[in-house]
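Beneath this line is the structure, given in structure tokens, with notes to follow.
The values are calculated or read from the model by the stated rules, or taken from the named source; none is laboratory data. Keep in mind the model is a prediction, meaning the values are calculated, not measured. Because the Cβ atoms are built from the backbone with ideal geometry, glycine has one as well, and the counts that use them run over all protein chains shown. Please note that ligands, DNA and RNA were not included when accessible areas were found on the heavy atoms of the full protein model with its side chains. Shrake-Rupley method; radii C 1.70, N 1.55, O 1.52, S 1.80 Å.
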Amino acid sequence: MAVRDYIRERFFPHIWCPGCGHGTVMGCMIRAIENLGIKKNDIVLVSGIGCSSRICGYLDFHTLHTLHGRALAFATGVKLSRPELTLIVPMGDGDAVAIGGNHFIHAARRNIDVTAIIMNNSVYGMTGGQYSPLTGYGNFSTTSPYGNIDQSFDTVKLALGAGASFVARTTTYHVTSMINILEKAIAHKGFSVVEILTQCPVYFGRKNEFAGAVDMLKYYRTHTTPIGSKMKKKYPDLIERGIFVQEERPEYCTEYDKIIKKANEER
Ligand code: SF4
């Protein structure tokens with residue numbers, strides 16, 4: 001199918017600002033799904049609230065635009081009732097690790113077969129550029145005009161610690177690798193986390209002296225490195241990207257089916 005076959009053109013033009021990275025993520029999601037050959041009718045996209053969550057409106061799958069921070073809870077319910085469907089949850093900083101943080105760690109712990117795509121732009125874009133749990137120490141935002149004094153979460157370490165069985169990081173600069181990683185994440189049986197560093201040139205970029213979206217993309221190129229590269233040893237501050245873990249572990253819906261079957265047999 002062509003890319004436009006996946007898009008609800010009636011909702012265009014989109015709401016994203018010029019240079020926003022979310023459109024790149026959406027384009028890569030479409031290509032990953034097309035490469036996997038999954039039928040549109042077999043995909044459920046669930047989102048919470050925020051700029052990134054608008055992906056749910058623009059893509060022509062089954063879509064649920066739910067409450068802020070509750071996307072993973074809704075996705076868990078859908079997956080448990082229809083385990084044969086492919087569940088994908090595009091999230092921003094808030095849905096993933098602030099208001100939605102509790103759902104995130106427990107979905108990871110259960111290893112439910114859902115793909116969480118976390119668009120980390122280090123700021124709450126839709127509500128005016130406030131700092132988030134992914135805003136780095138010392139970064140500026142509308143609510144940290146003198147520099148952020150909170151330490152940020154490392155999403156990858158959080159997901160690994162909580163038990164996600166597939167964890168990866170990429171950026172909007174590395175589109176080929178993003179498509180590849182998304183394919184693997186969606187195909188993985190278990191809870192998959194893909195953190196994507198994506199630019200919000202309007203709020204995070206302007207406040208932190210980036211000249212624009214291209215400048216931010218260059219930053220992703222120069223400040224990230226493949227996992228385990230020699231560059232990381234030489235420059236420890238570089239952010240690693242790639243697949244950190246990809247393991248087969250008992251999946252939640254499969255385990256649930258087993259106990260239901262056992263209970264029925266023992267009746
Ligand atoms: Fe993208 Fe930021 Fe604009 Fe939101 S505010 S659409 S994240 S550039």
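Data for the structure
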read-out	value
Qualifying residue in region 73-95 (condition: within 16 Å of the ligand (Cβ to nearest atom), in contact (Cβ under 8 Å) with a residue 40 or more places away in the chain and touching a Cys at 6+ places or on another chain (Cβ under 6 Å))	no
Glu34 away from the ligand (no atom under 14 Å from the Cβ), acidic (Asp, Glu) and not in a helix (DSSP H, G or I)	no
Qualifying positions in region 14-31 - assigned to a loop (DSSP other than H, G, I, E, B) and surrounded by 22 or more Cβ atoms within 10 Å (Cβ to Cβ)	Cys20, Gly21
Test: residue in region 1-13 that is open to solvent by less than 10 Å² (accessible area, probe 1.4 Å), away from the ligand (no atom under 14 Å from the Cβ) and under 18 Å from Val114 (Cα atoms)	no
Residue within region 245-262 that is open to solvent by less than 30 Å² (accessible area, probe 1.4 Å), within 14 Å of the chain's Cα centre (by Cα) and in contact (Cβ under 8 Å) with a residue 60 or more places away in the chain present	no
Considering residues of region 224-236 that are open to solvent by 50 Å² or more (accessible area, probe 1.4 Å) and in contact (Cβ under 8 Å) with a residue 12 or more places away in the chain only, the residue farthest from Leu182 (Cα to Cα)	Gly228
Residues (in contact with a helix residue (DSSP H, G or I) (Cβ under 7 Å, 6 or more places away or on another chain) and within 16 Å of the ligand (Cβ to nearest atom)) located in region 217-241	none
Matching option when the condition is surrounded by 24 or more Cβ atoms within 10 Å (Cβ to Cβ) and small (Gly, Ala, Ser), among Ala98, Ala108	Ala108
Positions within region 199-223 being among the aromatic types (Phe, Trp, Tyr), in contact (Cβ under 8 Å) with a residue 40 or more places away in the chain and open to solvent by less than 50 Å² (accessible area, probe 1.4 Å), in sequence order	Phe204, Tyr220
Elements of type strands (runs of 3 or more DSSP E) contained in region 103-216, each with 2 or more residues being within 16 Å of the ligand (Cβ to nearest atom)	114-120, 192-197
Which numbered condition Gly69 misses (of (1) surrounded by 18 or more Cβ atoms within 10 Å (Cβ to Cβ); (2) away from the ligand (no atom under 16 Å from the Cβ); (3) not in a loop (DSSP other than H, G, I, E, B))	(3)
Residue in region 38-48 that is within 16 Å of the ligand (Cβ to nearest atom) and either within 15 Å of Ile196 (Cβ to Cβ) or among the hydrophobic types (A, V, I, L, M, F, W, C) (or both) present	yes
Test: residue in region 163-178 that is touching a His at 6+ places or on another chain (Cβ under 7 Å), within 23 Å of Ala98 (Cβ to Cβ) and open to solvent by less than 50 Å² (accessible area, probe 1.4 Å)	yes
Whichever residue in region 48-60 is in a loop (DSSP other than H, G, I, E, B) and over 15 Å from Gly27 (Cβ atoms) and, among such residues, is most open to solvent (accessible area, probe 1.4 Å)	Ile49
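Results for (1) under 14 Å from Val89 (Cα atoms); (2) at pLDDT 95 or above; (3) not acidic (Asp, Glu), shown as yes or no for each residue.
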| position | (1), (2), (3) |
| --- | --- |
| Met1 | no, no, yes |
| Ile7 | no, yes, yes |
| Pro18 | no, yes, yes |
| Val25 | yes, yes, yes |
| Asn41 | no, yes, yes |
